[in-house]
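Visitor: Structure in structure tokens, see below.
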Amino acid sequence: MTIAGKPIPHDSAREHVTGEAFYTDDLVLRFPRMLHAWPVLAPHAHALIKTLDISAALAAPGVATVLTARDVPGEGDSGSNRHDEPLFPAEVMYHSQPVAWVLGETLDAAQQGASRVSVEDEPLPAILSIEDAILAGSFHSAPVRLARGNAPAIDFSPLRFEGELKIGGQEHFYLETQCAIAWLDETGGIAAHSSTQHPTETQEVIARVLGIPRNKVTVECLRMGGAFGGKEVQANPWAAIAALGAWKTRRPVRVRLTRALDFTLTGKRHPFLARYAAGFAKDGRLEGVRVALYSDGGWCLDLSEPVLSRVMFHCDNAYLLPAAELTGLICETHKTSQTAFRGFGGPQGMLIIEEILDQAARRLGLPPEIVRERNFYRDGDTTHYGQPVKDAGRIEIIWRRLKESSGFTERRAKIDRWNALHPHSKRGLAITPVKFGISFTATFFNQGGALVLIYRDGSVQVNHGGAEMGQGLHTKIQQIAAESLGVDSQSIRVMPTRTDKIPNTSATAASAGADLNGAAVADACSQLRSRLADVAAAILGCDLGSVRFSEGRVFTSADAQRSVPFAKICEAAYRRRVPLFAHGFYSTPGIHYDPKTLRGQPFHYFAYAAAVSEVEVDGFTGDYRLLRTDILEDVGDSLSPLVDRGQIEGGFIQGVGWLTIEELVWDSQGRLATAGASTYKLPSWTEVPDIFEVNFLERAPEPSVIFGSKAVGEPPLMLAISVREAIRDAIAQFGAGGPISLESPATPERVFFAIQRARAEREAPLNTIGAIQ
Ligand code: MTE
Ligand code: HPA
Ligand code: MOS
């Protein structure tokens, strides 16, 4: 291969750093007479709207109109799954929920207008935590259960313990906030630019709200300035409001959330509460687990069900659970609606099993890495949901190589010596694996489409169903198309994502963007190549089988001296009336599962990785520093090594933020108290480890995926668990051995108190700790 697999920069790298890249909101100046939208926000977290008086707003200068439920010609709901997301709610379900939208000649006029809308409501009691929801029995759906083997038998395991783990949420903090612009097109339809991961669903929601068929709606996504799952379904309401405004006023309408609004109105990673019981043999082998999972779903259902199933599918991480009984409930709370976020439940599932393994190791007095490796899947094992773990051997290969390349054993000894000399700061070291299932858990989403157009000059336009959010999908698609047609990548132009090019697409999500759409593009290209090969064989006077496409020319393998430029073959094909466009399609083979029992083979394959992290923790403050991280990631045969490296580094640091410093706080009224970068601490340059070694597992093609590659978008995030475990390892050094409890995120404050507890135990060791029953 000459182009696929080459380390080329992201196709918009230059535009990203110079500021030339166009995002949805950059189109504002292209729409004369545009109106700007601003929401009227509900004053309570849970309330019934009694009256909504818009008359003063309508009279305010610069206000064009106010959108309310009366303006909706179709269905006033943007819910993607259950239709439980009214655009103009009669019952307010979370603090600051928009109840009406003001359209102004300027944003300022719209804001002034919104402040003149008077809302009278009747406040109702609000449920603001998982614990309160459990007490009140407030759930979105019936419990789900996934079971294997004899989990009650763990009551007789040599080591048995129970525990609880609280896991915090995470704000997406994409740099580009939610944004949509809608206008009436020239032929009576409606068009929208939207920063959406799922243009098809955005189209569907607009059609539903306006009560028109989908063929009247066109949605385009130029690119997104980050999405991370936050625009998988949550781009839809803003586009629906813009479209409704445009429909009513016949003028272009722009909805763009400010950072504070985006924080306040959009959903986040699901917080979880896990209550578990685990049984282990004395050698650290897991005999079984029982876990009751509760997620904070927020005010509406959103993607909480598939997120919960992915948590249950990933409660094993890379380990065999001989017996497991998992139950899950989605709590309905009066908060933002929690949604997809990089990993889609995988991170929470893995955190729970890693917590349990560390708790067991420290109770048994065994090194955590030994307990981890004793529990790895081996070839021939199946998961607790019944899927064979193909390539399980890769887990051990990665583990062994990474331990070696990171100098794990020697560093462990060095750290012990360092810790003995430093009573007030301690270093910790940990290695953790990742096994992440690739495919949408909803089987029908696993399809991709493409439309490839070749022009007579040999230049190519590629349309596909995926959207670019910074992850480098378009770069990979460009490489796939160039490789497939044997032209250079400059000849390939990947177009922005549009619903009138590829219909009925899936969200760009589940890390499957390149797997699905890349295969569809390759399918279209191979049809075109075979049509062009007929033409070339006639021109070159050679056998069809000997025609080769490479570096912008068409050859015959029979005579390397004879070749014709690709463009010439295209022109000749046109003159012979050969069609120079083709659509491609791909659907993932062999996946299925029963959503009732959660058993089956939901994933096409697993992405594997491991990381070693070393931290230094300050005993006076609980503050910590990430000294070094080594990562070994199985990306198969990388399609685009620079892009993949960026995904690994970025995903890992985003995970470090989630597990260490990013903390969401809601006040007693249900207001998000951390609604800006001043109070919500994000990882930045200072959180990047001093030494950061990222390597790919070599010679590891994945034969059933496009060009032997593997998905890379989400799996690296979960490598950050190594940092949490390294912090826990350092905390343990202040104590007397024995388990260390630590909520997530492990903020310096929580680490400080964990150190205090560890120190107290050193002074008065509890004789129950470390005991084997
Ligand atoms: N990388 C960047 N730069 N920005 C993003 O928004 N989203 C992540 C990941 N990497 C994201 C990203 C998420 S949540 C997913 S599912 C994948 O990219 C989606 O893209 P892919 O399927 O093409 O990998
Ligand atoms: N991942 C991401 N998004 C999704 C999934 C998934 O598994 N299922 C439905 N939407
Ligand atoms: Mo990613 S959470 O699947 O958009």
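What follows is calculated from the coordinates using simple rules that are stated; it is not laboratory data. Keep in mind that what you see is a predicted model, and the values were worked out from it rather than measured. Reconstructed Cβ throughout: ideal geometry from the backbone, glycine too, with neighbour counts over all protein chains shown.
Visitor: Using r as the Cβ-Cβ distance of Ser668 and Lys166, and R0 as 25 Å, what FRET efficiency do you calculate, to the nearest 0.05?
Guide: Numbers: r = 18 Å, r/R0 = 0.74.
Between Ser668 and Lys166 the formula returns 0.85.
Visitor: Calculate the spin-label point distance for Phe585 paired with Leu29, positioning each point 7 Å from the Cα along the beta-carbon direction, and give it in nanometres.
Guide: Placing both labels 7 Å along Cα→Cβ, they lie 4.4 nm apart.
Visitor: Right, something else. At 10 °C and a viscosity of 1.306 mPa s, what translational diffusion coefficient does Stokes-Einstein give for the stretch 1-88, taking Rh as the Kirkwood radius over Cα pairs? Give it in µm²/s as a whole number.
Guide: Result for D is 86 µm²/s.
Visitor: Report the charge-dipole magnitude of the stretch 130-260 in Debye, nearest 20, computed about the Cα centre from +1 at each Lys and Arg Cβ and -1 at each Asp and Glu Cβ.
Guide: On the way: 15 positive and 13 negative charges, 110 e Å.
In debye, rounded to 20, the stretch 130-260 gives about 520.
Visitor: I've got another one for you. Quick one: what do you get for the stretch 72-133 if you divide its Cα Rg by 2.2 N^0.38 Å?
Guide: Here the Cα radius of gyration is 1.40 times the empirical estimate.
Visitor: What percent do you get for the relative contact order of the chain when only Cα pairs under 8 Å and 6+ apart count?
Guide: Contact order relative to length: 15 percent.
Visitor: Here is a follow-up. Calculate the radius of gyration of the Cα atoms of the stretch 531-636 to one decimal place, then report Dmax, the largest Cα-Cα distance, as a whole number, both in Å.
Guide: So, for the stretch 531-636, Rg and Dmax equal 27.2, 81 Å respectively.
Visitor: With charges only on Cβ, +1 for K and R and -1 for D and E, what is the dipole size of the chain about its Cα centre, in debye, rounded to 20?
Guide: 1120 debye
Visitor: May I pose another question? Projected area of the stretch 172-269, taken from the Cα convex hull and averaged over every viewing direction, in nm²?
Guide: Details: hull surface 22.8 nm².
Orientation-averaged projected area of the Cα hull: 5.7 nm².
Visitor: Taking the alpha-carbon distance from Lys166 and a cut-off under 29 Å, which lysines remain once sequence neighbours fewer than 8 residues away in the same chain are dropped?
Guide: Excluding near neighbours in sequence, the set is Lys231, Lys268, Lys282, Lys335, Lys426, Lys435, Lys596, Lys681.
Visitor: While we're on this one: Given the rule -39500 (n - 2.57) for each run of at least 4 DSSP H residues, summed and divided by the residues of the chain, what is its mean residue ellipticity at 222 nm, to the nearest 500 deg cm²/dmol?
Guide: Mean residue ellipticity, 222 nm, calculated: -9000 deg cm²/dmol.
Visitor: How would you rank Glu131, Glu663, going from fewest to most other Cβ atoms within 10 Å of each one's own Cβ?
Guide: Glu131, Glu663
Visitor: Sticking with this structure for a sec: Loop only per DSSP, at most 14 neighbouring Cβ atoms within 10 Å: give me the GluC sites (Glu not before Pro) in the stretch 159-206, ordered by residue number.
Guide: Working: sites: Glu162, Glu164, Glu171, Glu176, Glu186, Glu201, Glu204; in loops: Glu171, Glu176, Glu186.
Loop-located and lightly packed - Glu186.
Visitor: How many angstrom lie between the C-alpha centres of the stretch 328-359 and the stretch 112-184?
Guide: Using only Cα atoms to place each centre, the spacing works out to 9 Å.
Visitor: Another one. Extension gain Thr18-Glu75, at 0.36 nm per residue separation less the Cα-Cα distance, in nm?
Guide: Gain on stretching Thr18 to Glu75: 16.3 nm.
Visitor: Simple spin-label model, 7 Å along Cα-to-Cβ: Glu649 to Thr51 in nm?
Guide: 6.0 nm
Visitor: Please list, by residue number, every one of the trypsin sites (Lys or Arg not before Pro) in the stretch 284-386 that is coil in DSSP and has at most 14 other beta-carbon atoms within 10 Å. Kindly include the intermediate steps, with their values, before the conclusion.
Guide: Values: sites: Arg285, Arg290, Arg310, Lys335, Arg342, Arg362, Arg363, Arg372, Arg374, Arg378; in loops: Arg285, Lys335, Arg342, Arg378.
In loop regions of the stretch 284-386 (DSSP not H, G, I, E or B), the sparsely surrounded trypsin sites (Lys or Arg not before Pro) are Arg378.
Visitor: Please give the length that would be gained between Leu184 and Glu120 if that part of the chain were fully extended, namely 0.36 nm times their separation in residues minus their C-alpha to C-alpha distance (nm, one decimal).
Guide: Full extension of this stretch gives 19.6 nm more.
Visitor: Quick one: what Rg and Dmax do you get for the stretch 642-755 from the alpha carbons, in Å?
Guide: Rg then Dmax for the stretch 642-755, in Å: 17.7, 55.
Visitor: With r defined as the distance between the Cβ atoms of Thr258 and Ala136 and R0 fixed at 41 Å, what FRET efficiency is calculated, to the nearest 0.05?
Guide: Calculated value: 0.80.
Visitor: I need the fraction of alpha carbon pairs in the stretch 470-581 separated by more than 16 Å, rounded to a whole percent.
Guide: 62 percent
Visitor: Which aspartates and glutamates, if any, have their Cα less than 18 Å from the Cα of Lys6, not counting same-chain residues under 8 positions apart?
Guide: Qualifying aspartates and glutamates at Cα under 18 Å: Glu483, Asp488, Asp515, Glu551, Glu633, Asp634, Asp637, Asp644, Glu698, Glu702.
Visitor: OK, next. Could you compute Rg(Cα) / (2.2 N^0.38 Å) for the chain, with N its residue count? Mind dumping the intermediate values first?
Guide: Values: Rg = 27.5 Å, N = 773, 2.2 N^0.38 = 27.5 Å.
Against the empirical 2.2 N^0.38 Å value, I get 1.00 for the chain.
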